[in-house]
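Step one of this worksheet: look at the structure below.
The values are calculated or read from the model by the stated rules, or taken from the named source; none is laboratory data. All of these numbers come straight from a predicted model, not from anything done at the bench. Counting neighbours? That spans all protein chains shown, and the Cβs are built from the backbone with ideal geometry, glycine included. These area figures cover heavy atoms from the full protein model, side chains too; ligands, DNA and RNA do not enter into them. Shrake-Rupley method; radii C 1.70, N 1.55, O 1.52, S 1.80 Å.
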Amino acid sequence: MFKRIIFLSLFVTFCTVAQNNTSYWQQHADYTMKVDMDVDQHQYQGSQELVYSNNSPDTLYQVFYHLYFNAFQPGSEMDVRSINMPDPDPRVLDKIGRLTPKEIGYLKVSSLKQDGKTIAYKVAGTVLEVTLDKPIAPGKKTTFSMNFNGQVPIQIRRSGRDSKEGVALSMTQWYPKMAEYDFEGWHAHPYIAREFHGVWGNFDVTINIDKNYILGGTGYLQNPQEIGYGYEKPGTKVKRTGKSLSWHFKAPNVHDFAWVADPEFVHDSVKVPNGPVLHFLYKNNSEILTNWKDLQPKAVELMNYFSEKIGKYPYDQYSIIQGGDGGMEYAMCTLITGERDFGSLVGVTAHEMAHSWFQHILATNESKHEWMDEGFTSYISTLAMNEVMKQNNPNSLRKTYQSYYQLAFSGVEQPQSTQADRYSHNAAYGASAYSKGAVFLSQLGYVIGEDNLAKTIKRYFKDWKFKHPTPNDFKRVAEKVSGIQLDWYLTDWTQTTNIIDYGVKEVVGTSIGSKITIERIGLMPMPIDVYIEYQDGTIESFYMPLRIMRGEKENPIPSMKRTVLEDWPWTNPTYSFELSKPKSEIKTVSIDITGTMADLNHSNNNYVKDTE
């Protein structure tokens, strides 16, 4: 009897743990920071109070902070990785190794306490390893108090001072930032080249800086009447005193905080109807003023497009700021280089603004699933540009597919499940994350139908906003919307380098008409749409669902007659079906005339009678 009670107790405990491991939870971190910025020395002193909530089922005995600015020092992991890459980022190359002590970046922690008691820590490159005085039990909170100081590096990658376009301070990833802990454990990855992952929370940030500097970035300015520079309400008297200004921002429910400062910024703002206020900060440079003015109505159109196609932008402001080294997304803002032609300026704005959804609202782990934020962003921003810029391109994603094809033929492709920093080539990372990631979404429309894809994107936003979705979470949404099983699609496309290659093997006459045989040549299975054009000009389609889909998509061309055939088991290399019409009446047989299936060899996709 005693043994039975122990067994039942263990069984109940196991079931509880299993249930907890499959129930979604996420950590929470509230930051209060005050920073004194010395614009002449490019250094700053800061204090940080961080209230950390352990919403996990685990007791935590240690925590980790990111110290991103430490990457900009000779001999750092970012430096070593860059000089050993076969195709290093041209913005980085060997530049970090040549920085002088006054040009490097750093973040130094001078004191750290947990609930008022000093605790031990160790710096390991861009990560602060902290041993807790008191473990944080599930459901409990603790408060970390920190003093730190930093030096802003010369602009090399994303963050920095004195950019090529003359922007004084691009302050991104500038503060000690708590690493994320989730169902997989700690994500205390070093800053080597790629992007970021952060804990959801609220930020209260005060920045003391020379009064001549104009700021923009994350959050809502709390004291516009003291600041001015176009942030105050019309008719409000600005009360500005002293040599410095204190800019006080609050940012609710974000996982990052960035800001930019320059004494020559022009500040414009535009209200999106039924949407946020858009802020534009850019250098007072006559050569770019027209483009930046013309950008503003286009940005309103882009904001409306993304809110319609994905879900309503949930914050009250978004800032588009000249800064950084290209284009990079942050919470409620983006930094973009501003000396561009107009089309490029709108294009980079479209891409970075779309990241407000695919990363800063749907916060994937960019180190592990970089294709989810970059690929989904590339997909939706390409479609947005086609509409907003009136490009009228019926196949606006064609170049994206071509980029993926080049990757697949390159010989250096790695699975998309590769950790972002461990791609052997920068070019392979870029094509995999951006192009192949976008094709994943576009091609999903081929698999489940374009209407279901549109519904999937909206439901994904509804179900997972302000969370950390994984690839499986997105797949499950698509399955629920479409009724089609998609594990095979996610597995083959993202965890292997299997290719898609189908061909029309033969068209032969039979005693009752004709027989068409389609063959699978590549390893990745797909459902197949075959379109047959007859000599009289009529066209009909034949649909071969993939058996492991356990479902079918709707007719993609409702005006066209479609015959749904028996499921194709992926194990079978060929599939044949018969027509009552003789071979002589068949003009062409084509696989996927929409071009949305990423078939690597289009030369075998068609049978044309005249070529016999």
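Side notes on the structure shown:
- Neighbour net charge for GLY437 - beta-carbon separation under 12 angstrom, K R +1, D E -1: -3
- Taking the Cα atoms of region 86-216, the ratio Rg/Rh between the radius of gyration and the Kirkwood radius comes to 0.99.
- Per-pair calculated FRET efficiency, R0 = 56 Å: LYS239 and LEU523 via Cβ, rounded to 0.05: 0.20
- Cα extents for region 326-446 along the principal axes, largest to smallest and rounded to whole angstrom: 36, 33, 29.
- R0 of 41 Å, Cβ-Cβ distance ASN572-ASN393: FRET efficiency to nearest 0.05: 0.65
- Region 504-586, dipole about Cα centre (Lys/Arg Cβ +1, Asp/Glu Cβ -1), debye to the nearest 20: 180
- Subset of LYS140/LYS243; LYS239/LYS309; LYS34/LYS237 violating a 31 Å alpha-carbon distance limit: LYS140/LYS243; LYS239/LYS309
- Label zone at ASN604 (point 7 Å along Cα-to-Cβ), backbone N below 17 Å, region 472-497: none
- Here the chain has 50 percent of its accessible surface on carbon and sulfur atoms, given a 1.4 Å probe and all protein chains in place.
- For the pair GLN222 and THR59 in one chain, pulling the backbone fully straight at 0.36 nm per residue adds 55.0 nm over the alpha carbon distance.
- Full extension of the chain between SER410 and ASN212 yields a length gain of 66.2 nm, computed as 0.36 nm times the residue separation minus the alpha carbon distance.
- Exposure check, 1.4 Å probe, all protein chains in place: TYR229 carries approximately 60 Å² of accessible surface.
- Of the cross-linked pairs LYS233/LYS293; LYS368/LYS553; LYS436/LYS553; LYS505/LYS561; LYS117/LYS177, those separated by over 25 Å at the C-alpha level are LYS368/LYS553.
- Within the chain, helix-based [θ] at 222 nm, where runs of 4 or more DSSP H residues each add -39,500 (n - 2.57), nearest 500: -8000 deg cm²/dmol
- Exposure of ASP421 as accessible area (Å², to 10), given a probe of 1.4 Å and all protein chains: 20
- Heavy-atom surface of region 319-360, accessible at 1.4 Å and reported per residue (Å²): 16
- Across region 60-128 the C-alpha pair distances fall into 5 Å bins from zero in the proportions 3, 15, 21, 19, 14, 10, 8, 6, 3, 0 percent.
- Net length gained if the chain between SER111 and ASP36 were fully extended (0.36 nm per residue, minus Cα distance): 25.3 nm
- Semi-axes of the equivalent ellipsoid for region 493-612, Cα gyration tensor, largest first, Å: 24, 16, 14
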